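Right, one structure below, let's go through it.
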Amino acid sequence: MTSGELRKRFLEFFEKRGHKIVPSSSLLPEDDSSVLLTTAGMQQFKLYYTGAKDPVKDFGARRTVSIQKSLRTSDIDEVGDESHLTFFEMLGNFGFGDYFKEDAIKWSWEFITKELGISPERCHVSVFKGDPSTNSGQVVPEDTESIAIWKSLGLGDDKIKKCGREDNFWGPTGDEGPCGPTSEIYVDGVEIWNLVFNQYYCRADKNLEPLKQNGIDTGMGLERLAMISQDAPTIFETDLFEPLIQSIPHKDIENEARAVRIVVDHIRGSVFLIADGILPSNIGAGYILRRLLRRAIRYGKVLDFDKNFLISLAEKVIKMYKEFYPEISIKREDILTVIQKEEEKFYKTLEKGLKELEKTLAAKKEKIISGEDAFHLYESYGFPTELTRELAEERGFNIDESGWETSFKKHREISRAGAEKKFGGHGIATGDRRQATSFKEIDKITRLHTATHLLHQAIHDVLGNEAEVQQRGSDITPERLRFDFAFPRKLTPEELKKIENIVNKKIKLDLPVFSAKMSKEGAIRMGARAFLKDKYPNEVNVYSIGDPDPSKAYSKELCGGPHVARTGEIGEFKIIKEESSSAGIRRIRAVVE
């Protein structure tokens with residue numbers, strides 16, 4: 001049975017039993033800040049379990065069915081074996097204070113054994129055996145009700161396995177939310193369907209409170225179901241992966257199968273992330289996308305693929321999924337453009353970083369890479385630490401993880417020290433510690449500070465004329481930056497948009513930020529900008545963005561710091577206001593997100 005037929009049968013089966021078919025939500029959660037990405041089918045329904053939203057009002061029913069795009073990175077290092085994935089499709093049926101355990105169990109058994117024709121002899125189930133010693137001190141009882149229901153369907157004790165909290169108690173997604181005991185269905189020893197009986201609300205302190213209404217939340221991975229129904233040895237021999245794998249030229253190298261599986265898994269996830277509006281970056285969901293793409297590129301290099309090989313694979317993914325997920329066809333050009341740019345950009349990083357890594361490894365007498373060396377690869381070359389770790393392990397090396405943490409903290413401490421002194425004329429003085437009372441605020445200020453340098457240069461890029469455009473002041477708080485400059489008129493909306501776009505482009509390029517000490521006279525002669533030049537000492541710090549040589553850098557300024565290591569750490573830059581500060585002086589206020 002094809003994966004397309006499995007989707008169709010599942011939706012129709014539950015639609016006949018009063019469930020409203022609901023489309024998959026975005027991989028970027030809309031109403032759930034507790035998680036970066038959608039990791040389960042129930043996430044879009046969390047507020048219906050708590051009673052905060054009314055399913056009848058929104059769906060016309062108290063039960064729904066969906067096939068949800070999902071992405072998890074908790075097992076990313078295991079991807080490449082026969083069963084682990086990052087991106088997958090979750091088939092699920094849901095009840096909000098409507099039906100409960102009996103109907104959920106009977107319908108799941110009917111779908112597996114009758115609708116799909118899988119022999120009951122191939123199946124067994126697991127149930128929750130209870131937990132008498134939870135961290136909160138609460139006793140969660142054994143799920144005797146589910147045991148009785150399974151026995152009524154003809155399963156004997158030999159087919160019912162009792163498991164603890166780790167295996168048969170699900171949730172919540174994020175720090176808090178609905179959760180409850182589960183019953184799992186296995187076919188040929190493979191778990192394919194997890195039936196969650198939401199009876200509790202788990203608070204942030206991990207205490208459980210009974211829900212006002214019981215709920216049903218089931219999840220069945222399409223990939224595993226396809227493997228079972230198609231009698232495939234692994235998920236990668238199903239029609240969800242074979243067209244991708246068959247399009248990849250065979251290479252007679254060690255661990256080829258693992259490398260191929262990583263590439264096809266990661267390109268599927270990347271296509272769907274981009275289709276949902278996520279762009280590569282160094283923070284949040286954008287970082288996950290960047291990591292998937294860069295791992296795929298790295299393993300493509302191992303397989304000796306041509307450059308831009310991901311484009312053809314992405315087009316095949318779009319072709320395979322466009323009928324059920326039309327959004328990826330609509331966003332086709334965006335998807336291919338983003339992948340091509342990231343591939344071109346990372347190839348340069350990869351080549352430089354690999355050369356530097358080879359030098360580092362060759363110089364080592366022992367099989368240890370210092371944390372300082374690993375951090376240097378990231379800070380100077382944009383070489384992801386997880387990639388350094390992966391490549392090192394392949395060569396029998398280990399990274400001094402505590403040393404890496406020390407180097408990272410040292411970098412942050414330098415930033416903190418700079419924030420507590422002065423921002424090189426950017427308005428945060430030592431006595432103004434209330435603006436930097438926490439490490440989180442200092443981190444935000446640091447990002448805003450580097451963004452101010454980019455803004456300063458972008459203003460010159462758009463408005464030109466050094467004689468007219470001159471800095472007249474700056475101020476940064478944890479919430480926003482303010483930049484004042486001499487200019488005789490109000491900026492047009494088009495000019496402001498150009499400035500904003502330039503800054504965001506430099507952020508997305510993930511440019512390195514360098515610091516060098518030199519004479520003030522030499523720095524000024526090299527073109528470094530300086531606000532209130534006379535207040536700087538004869539020896540100054542010059543911060544250059546994009547190149548260690550200030551004369552070749554995009555932005556260079558005399559400054560006391562602190563700054564991010566790379567522009568990709570800044571986040572999205574947004575101008576929120578442009579106004580007059582005084583006669584002949586304009587003021588821009590902006591934020592980073």
**Prompt:** So which lysines pass the test for residue 319, namely a Cα distance under 28 Å, with those fewer than 8 places away in the same chain ruled out?
**Reply:** 8, 20, 69, 251, 301, 307, 331, 341, 345
**Prompt:** Under a point-charge model restricted to the Cβ atoms of Lys and Arg (+1) and Asp and Glu (-1), what is the dipole moment magnitude of region 242-399 relative to its Cα centre, in debye to the nearest 20?
**Reply:** 120 debye
**Asked** Taking only C-alpha pairs under 8 Å that are 6+ residues apart, what is the relative contact order of region 433-592 in percent?
**Response** 28 percent
**Prompt:** What does the highest-first list of 89-97, 145-153 look like by mean Cβ count within 10 Å?
**Reply:** 89-97, 145-153
**Prompt:** region 191-249 to region 1-52: how many Å between their Cα centroids?
**Reply:** 11 Å
**Prompt:** What net charge is computed for the residues neighbouring residue 548, neighbours being all others with C-beta under 12 Å from the C-beta of residue 548, Lys and Arg scored +1, Asp and Glu -1?
**Reply:** -1
**Complete:** Using alpha carbon positions and the Kirkwood radius, the Rg to Rh ratio of region 242-399 is 1.00
**Complete:** Descending packing, highest mean Cβ count within 10 Å first, for 357-365, 447-455, 272-280 is 447-455, 272-280, 357-365
**Request:** With no solvent and one equal point scatterer per Cα, compute the Debye intensity ratio I(q)/I(0) for region 545-593 at 0.14, 0.21, 0.22 Å⁻¹ and report its log10, rounded to two decimals.
**Result:** -0.56, -0.96, -0.98
**Item:** Cα radius of gyration and Dmax for the chain (Å)
**Value:** 27.9, 88
**Prompt:** How would you order 156-164, 77-85, 505-513, 585-593 from highest to lowest mean count of nearby Cβ atoms within 10 Å?
**Reply:** 505-513, 585-593, 77-85, 156-164
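If region 433-592 were replaced by its equivalent ellipsoid, with semi-axes equal to the square roots of 5 times the Cα gyration tensor eigenvalues, what would those be, largest first, whole Å?
Numbers: eigenvalues 95, 78, 52 Å².
Three semi-axes, in Å: 22, 20, 16.
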**Asked** Over the chain, what is the relative contact order in whole percent, taking alpha-carbon pairs under 8 Å and six or more residues apart?
**Response** 9 percent
**Message:** With just the Cα atoms defining each centre, how far is region 293-363 from region 501-576? Give it in Å.
**Reply:** 30 Å
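Classify region 31-186: rounded, prolate or oblate, from the alpha-carbon gyration tensor (a ≥ b ≥ c, eigenvalue square roots; a/c under 1.5 rounded; otherwise prolate if a/b is larger than b/c)?
Note, shape of region 31-186 comes out rounded.
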**Asked** What is the dipole size for the chain, taken about its Cα centre, with +1 at each Lys and Arg Cβ and -1 at each Asp and Glu Cβ, in debye to the nearest 20?
**Response** 2300 debye
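Coordinate-derived values only; no laboratory data. Worth saying up front: this structure is predicted, and the values here are computed from it rather than measured. No Cβ is skipped: glycine too gets one built from the backbone with ideal geometry, and neighbour counts run over all protein chains shown.
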